[in-house]
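All remarks here apply to the structure that follows.
The values are calculated or read from the model by the stated rules, or taken from the named source; none is laboratory data. All values derive from a computational prediction rather than experimental measurement. Counting neighbours? That spans all protein chains shown, and the Cβs are built from the backbone with ideal geometry, glycine included.
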Amino acid sequence: MEKAQPSLHLAKRKRAFGNRRRGLLKRLLASKTASAGSVLIIVVAFISFFAPWISVYGPHEVDIVNRLSPPGTEHWFGTDNLGRDIFSRVMHGTQISAQVGFTVALSVAILGLVVGLYASMYKWLDQLLMRTMDALFAFPAILLAIAIMAALGPSVSNLIICLIIVFIPSVARIVRSAALVAKEQTYVEAMHALGASQTRILWQHIMPSTISPLIVQSSFIFAEAIIVEAALSFLGAGIPAPMASLGNLLADGKMYIYNSWWMTLFPGFALIISVLAMNLFGDGIRDLLDPHVRQGKGKK
């Protein structure tokens, strides 16, 4: 009987976890905002992954004879000033933006989690890390990004490093706030009384309480990283030409916006869809994971 008790308790925990997971999936499907964001994310992910096979022409393939051709059956989105196929360049630009956004969001989530957790646990480290985060947070994101890129130089790897530095303060502050709240809970005090190590308490008992706000903030950072990347590339400080970044496409089209509107319209539309997808998904996930929002909607 004594051996059966732990097994029974473990089985109950597994059933409870499965029920919570099914309930979360059910609420996710019932949420119009999260569902719309999920559909758009799937579309963007499909385009990003299959861009080399979807586009007939190469993103750098030049056809001077058909330069500035309007949208048609041969070139669905038209061609640019060098005769390059806009549809192909938009597909590859969306792929690059999604790759940069995902890499930045994932890296910032991991680094911000580590910084926020350890800042909440040790006061001397809190002063050091949070004052550094406050110094970075004092600058507007785009200005800080331009300054860092001016120092590092335009390239994809430097752009990713730049965006990680720009966005890590917001994640670290949110994780630290959630960790400080969890640190005051009774079960954490009980673990201290039982003699559990600081590392075990931090990662096994405090860290799970920070996952929900971390996921929500990471989805918004994904969208913000795409916007800042496009802005930097538009200004010539991001992904270097002739790579088919959405920002580079918008920069190429600004000189021809009155006569060749398709050079600006389609890259701008792709940028809007990519950012909107992550914002809708982030809003939906926040509504699902935040109990206060759920209670407020339930009262209505």
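Being modelled with pLDDT of 80 or more, in contact with a Leu (Cβ under 6 Å, 6 or more places away or on another chain) and assigned by TED's automatic domain parsing to the domain that holds residue 264 is the requirement here; does residue 62 meet it? Spelling it out, residue 62 is indeed modelled with pLDDT of 80 or more, in contact with a Leu (Cβ under 6 Å, 6 or more places away or on another chain) and assigned by TED's automatic domain parsing to the domain that holds residue 264. Within segment 83-101, the set of residues being closer than 21 Å to residue 255 by Cα and touching an Asp or Glu at 6+ places or on another chain (Cβ under 8 Å) comprises 83, 84, 85, 86, 88, 89. In segment 182-203, what residues are of a type in the set (A, V, I, L, M), surrounded by 13 or more Cβ atoms within 10 Å (Cβ to Cβ) and assigned to a helix (DSSP H, G or I)? Selection gives 182, 188, 191, 201, 202. Within segment 207-220, residues that are within 17 Å of residue 107 (Cβ to Cβ) sit with their Cβ atoms under 8 Å from residues that are in a helix (DSSP H, G or I) and of a type in the set (Phe, Trp, Tyr), at 6+ positions apart or across chains, in these pairs: 219/281.
Quick one: is residue 103 surrounded by fewer than 19 Cβ atoms within 10 Å (Cβ to Cβ), at pLDDT 90 or above, among the polar types (S, T, N, Q) and in a helix (DSSP H, G or I)? When the stated conditions are applied, residue 103 passes them. When you look at residue 245, is it among the polar types (S, T, N, Q), crowded, with 20+ Cβ neighbours inside 10 Å, in contact with a Phe, Trp or Tyr (Cβ under 8 Å, 6 or more places away or on another chain) and in contact (Cβ under 8 Å) with a residue 12 or more places away in the chain, yes or no? Taking the combined requirement at face value, the residue does not satisfy it. Being assigned to a helix (DSSP H, G or I) and over 30 Å from residue 80 (Cα atoms), is that true of even one residue in segment 243-257? No.
Residue 187 meets each of the listed conditions (1) more than 30 Å from residue 142 (Cα to Cα); (2) within 27 Å of the chain's Cα centre (by Cα) apart from (2).
Conditions tested, residue by residue: (1) polar (S, T, N, Q); (2) at pLDDT 90 or above; (3) under 20 Å from the mean Cα position of the chain (by Cα); (4) surrounded by 13 or more Cβ atoms within 10 Å (Cβ to Cβ).
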site	(1), (2), (3), (4)
127	yes, no, no, no
134	no, no, no, no
141	no, no, yes, yes
155	yes, no, yes, yes
165	no, yes, yes, yes
174	no, yes, yes, yes
179	no, no, no, yes
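For segment 239-279, which residues satisfy the criterion of being modelled with pLDDT of 85 or more and small (Gly, Ala, Ser)? Matches in segment 239-279: 245, 247, 251, 253, 260, 268, 270, 274, 277. Inspect segment 206-224 for any residue being more than 20 Å from residue 160 (Cβ to Cβ) and over 21 Å from the mean Cα position of the chain (by Cα) and give the result as yes or no. Yes, that holds for at least one residue.
Selection of segment 56-97 for residues being buried (at least 21 other Cβ atoms within 10 Å of the Cβ), in contact with a His (Cβ under 9 Å, 6 or more places away or on another chain) and farther than 19 Å from residue 230 by Cα yields 84, 85.
One residue alone among 128, 113 is in contact with a Leu (Cβ under 7 Å, 6 or more places away or on another chain) and either in a helix (DSSP H, G or I) or within 22 Å of residue 269 (Cβ to Cβ) (or both), and that residue is 113.
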